[in-house]
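What follows is a short report on a single structure.
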Amino acid sequence: MTQAACASDTPDASDAAAKSPLTLRELDAIGVGRLNGVGPHRRKALGEVGVTTVFDLLTYYPRRYVDRTAQAPISEVVIGEEITVVADVLAVSSRRLRGGRRLVSAEVGDATGVLSLVFFNQAWRERQLSKGRTVALFGKVENYRGRKQMANPVVDVLGDGSTADRTGRIVAIYPQSETAGIVTWDVANWIAEAQRRCSARSIADPLPARLRNRLGLVGRAQAFVDIHEPSSMPQRWAARDRLVFDELLRVQLLLRSQRLAREAHELGVAHEPVGSLTEAFHRCLPYPLTGAQQCAMAEIDADTATLRPMHRLLQGDVGAGKTVVALHALLVAVQNGHQGALLAPTEVLAEQHHIALRALLEGLEVPDASRLDGRRPLCLRLLTGSSSAAQRREVLVEIAAGAADIVVGTHALLEESVKFDSLSVVVVDEQHRFGVSQRAQLRESGRDDRRIPHLLVMTATPIPRTAAMTVYGDLDVSVLDELPPGRTPITTEWIRDQLAAEAMWTEVRREIEAGRQAYVVCPLITESESLDARSAERVYAELVAGSLAGLRVGLLHGRLSPVDKEATMTTFRAGDIDALVATTVIEVGIDVPNATVMVVLSAGRFGIAQLHQLRGRVGRGSRASTCYLVSDDDPTPIAEQRLGALVATNDGFELAERDLELRGEGTLFDERQSGRSDLKLASLARDLIWVQAARDAAADLIASDGDLDAHPALADEVDWFADRRDPDYLQRS
């Protein structure tokens, strides 16, 4: 990092006035080691929580606030009420209870009285609550032997006795790390020093004044002050609004700028979308296309007919028929003499796509002048990390020669040795598991001179509307909001106790004896000492000997060889396995209409999207289906909310919004690539109004000033933001 200082401790006023305000790029070039009290040890600790620069520090936002201006003294707290109390630790002790558990007791007090605290089985509290520290406590006040007491309250340490007096202030509480040694009052002091040392130059505000005034936003420098040291809660909310808008606007401007550059400089391959191959494919389908599928195909046809490379997102609910639409796009490439590629994030999913596509493509032929009849079967190939050396060599030769019409693969398709003869359409499945550079790498592998393949991105489950506007703002969107005809709604039941589980297995057996099939999904393959969760191998043995004794039970998990996995699935599809015990390898890509029962064990360990995907493995025929969500004995509150959401609705779009509320934004962005999240403060679930405002503002700015030449400060910030998303940014800085 560039070792520059914001300003000296005693800056010359005339020099400071001559200097321009600090940009975010400049703040991101100042290492935190320049601050007083941040030596090598503290710098390393801050690095462990993602804080290496002054910009990182200023955007290490409080997780909550304690309003000491509205605190009631201990003497006025009421028994039975939940309340926040700020007090000093007077004494702390601990003792071992029967059974090995430890009880920590403490006394805290203010000028008006004393309050007792007890913590059960939280031995670390004795270290946290050292004598003299000032703490904020939230909990229910009880009467214990005539004394006011809180049991297991929420604790935030505000100071260590040597920090400045904060009486009568709104105090910011920062994320703390006991392992890294990061405590809230140290963070507050470092931020205050950074603010003071940067005040001589202030912090630049690139937002046009007319836009800031129209939206009623405070200046950026004031926002950074007020988010950390607000004088009032309305002031804090105003600061948050400004900083949230800044985050969202940067994302929108970057995506729109990239799209504008792509459309101006990239040249694709124009296709004739209507042809004998796509027509034959549609005739061979065993069911009619939905209106939504036809609309999506028409949008893809329009995109691929031009020289502008397609950049389209295809999203829809489980079972909405995304694979058929994607295959149509790949066939458009093949019928125009080019190649198509489908990239999947896992070998299991790639193998399942290969099986599904092979069945759909059976009997289709393409022109071949070297054959006597002028035609040959369409060539579909699979390339994964598990492909043998001989298979790999054969497939690579076919890809390079153009003999492989459609290639399904994993990250193996991204390797330098993979050279397509004429790749013109790329489909990326489960897009959120790939970074931007990985998608671009596959598109680059198809370059013929300057020709860029058309790109179709598929998501396994619907994405929230705010995410579609933000994370996927550089993509056109096609939505499949209809299910194919003949699908029946799935009944979802939450199994909470042993009695209900026994009744469930009786129903599962009854359904199988009626000629149907069932899935039983477990989170683990084998037993784990560290996780209290059901394993597939153990459940398989228990069911064979117990609830499903005498029935044909199969076992499927990721450690099986590709041949064994395909053999098991083929047997299940044929109806020769009654119940398939599996891990989440069956999460997507499995279509067995005769399967009407899904049992998910330790269901609280799965996320909403994953549970919705698993549920979508049934309900694919005309018969009623049931999904049983079996929870552990003591599910966490967040697990209960997830399971409750699944029981409440089958609508994947509604579940996507609920999932975002519970899970946050983390996995929506490419932070696995860069190690940094684009959104530190904004919430796509809560800040819809600012998502829309940022989208509209970015559209207006780009429409009137495409290269942002009239807004150089904003253009520089967008460039810096693009650099910061680069995985090598930290190494280069």
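The values are calculated or read from the model by the stated rules, or taken from the named source; none is laboratory data. It should be emphasised that the depicted structure is a prediction, and the values quoted were computed from it without experimental measurement. No Cβ is skipped: glycine too gets one built from the backbone with ideal geometry, and neighbour counts run over all protein chains shown. Accessible surface areas use protein heavy atoms only, side chains included; no ligands, DNA or RNA. Shrake-Rupley method; radii C 1.70, N 1.55, O 1.52, S 1.80 Å.
For the chain, which whole-number percentage of the solvent-accessible area (1.4 Å probe, protein heavy atoms only) is attributable to carbon and sulfur atoms?
Details: 15900 of 32040 Å².
Solvent-exposed carbon and sulfur of the chain make up 50 percent of the total.
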Exercise for the section: Compute the accessible area per residue over the chain, keeping the other protein chains in place, probe 1.4 Å, unit Å². Expected result: 44 Å²
Exercise for the section: Would you pull out the residues with amide H under 5 Å of Thr53's amide H, same chain only if 5 or more places away, H placed 1.01 Å from N? Expected result: Val32
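Could you calculate the FRET efficiency of Arg214 with Thr506 from 1/(1 + (r/R0)^6), where r is the beta carbon distance between them and R0 is 41 Å, rounded to 0.05?
On the way: r = 64 Å, r/R0 = 1.57.
So, using R0 = 41 Å, E works out to roughly 0.05.
What is the gain in length, in nm to one decimal, between Glu82 and Arg101 on full extension, counting 0.36 nm per residue of separation less the C-alpha to C-alpha distance?
Working: separation 19, 0.36 × 19 = 6.84 nm, distance 2.62 nm.
Stretched fully, the Glu82-Arg101 segment lengthens by 4.2 nm.
Past 30 Å, Cα to Cα: identify those pairs from Lys419/Lys680; Lys322/Lys419; Lys44/Lys140, in the order given. Kindly include the intermediate steps, with their values, before the conclusion.
On the way: Lys419/Lys680 39 Å; Lys322/Lys419 27 Å; Lys44/Lys140 38 Å.
Those over the limit are Lys419/Lys680; Lys44/Lys140.
How much length is gained on full extension from Ala91 to Arg196, taking 0.36 nm per residue of separation minus their Cα-Cα distance?
Numbers: separation 105, 0.36 × 105 = 37.80 nm, distance 3.59 nm.
Result for the pair: 34.2 nm of gain on full extension.
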Practice task
Using the Karplus curve 6.51 cos²θ - 1.76 cosθ + 1.60 with θ = phi - 60°, work out ³J(HN,Hα) for each residue of segment 336-346 in order, rounded to whole Hz, and write x for Gly and Pro.
Solution key: 9, x, 10, 10, x, 9, 10, 9, 10, x, 9
Handout entry: 5 angstrom amide H check on Leu556, placed H, neighbours 5+ away
Key = Val581, Ala582, Thr583
Practice task
Would you tally the net charge around Glu717, using a Cβ to Cβ cut-off of less than 12 Å, leaving Glu717 out, and scoring K and R as +1, D and E as -1?
Solution key: -4
Completion exercise
To the nearest 0.05, the calculated FRET efficiency linking Ser20 and Ser683 through their beta-carbon distance, R0 being 22 Å, is 0.10
Handout entry: DSSP beta bridge pairing in the chain, given as percent antiparallel to the nearest 5
Key = 45 percent
Handout entry: Summed residue charge, Cβ within 12 Å of Leu90's Cβ, Lys/Arg positive, Asp/Glu negative
Key = -1
Problem - Calculated from backbone phi, Karplus (6.51, -1.76, 1.60) coupling profile of segment 556-564 in Hz, x at Gly/Pro - result: 9, 8, x, 7, 5, 5, x, 5, 5
Exercise for the section: Just subtract the alpha-carbon distance of Arg375 and Gln498 from 0.36 nm times their residue separation and send over the number in nm, one decimal. Expected result: 38.2 nm
Practice task
Among DSSP beta bridges lying fully in segment 81-207, give the percent that are antiparallel, nearest 5.
Solution key: 90 percent
Exercise for the section: In nm, give the distance between the simple-model label positions of Glu48 and Lys140, each being 7 Å from the Cα along the Cα-to-Cβ direction. Expected result: 3.6 nm
Exercise for the section: Hey, could you get me the Stokes-Einstein D for segment 206-267, Kirkwood radius over alpha-carbon pairs, 37 °C and 0.692 mPa s, rounded to whole µm² s⁻¹? Expected result: 250 µm²/s
Completion exercise
Expected vector for segment 681-696, Karplus 3J(HN,Hα) from phi with 6.51, -1.76, 1.60 and θ = phi - 60°, integer Hz, x for Gly and Pro, equals 10, 5, 10, 5, 7, 9, 10, 4, 4, 7, 4, 5, 5, 5, 4, 5
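Run lengths n ≥ 4 of DSSP H only: what is the helix-derived mean residue ellipticity at 222 nm for the chain, with -39500 (n - 2.57) per run over all residues, to the nearest 500? Mind dumping the intermediate values first?
Working: 26 runs with 281 residues, N = 733.
So the helix-based figure for the chain works out to -11500 deg cm²/dmol.
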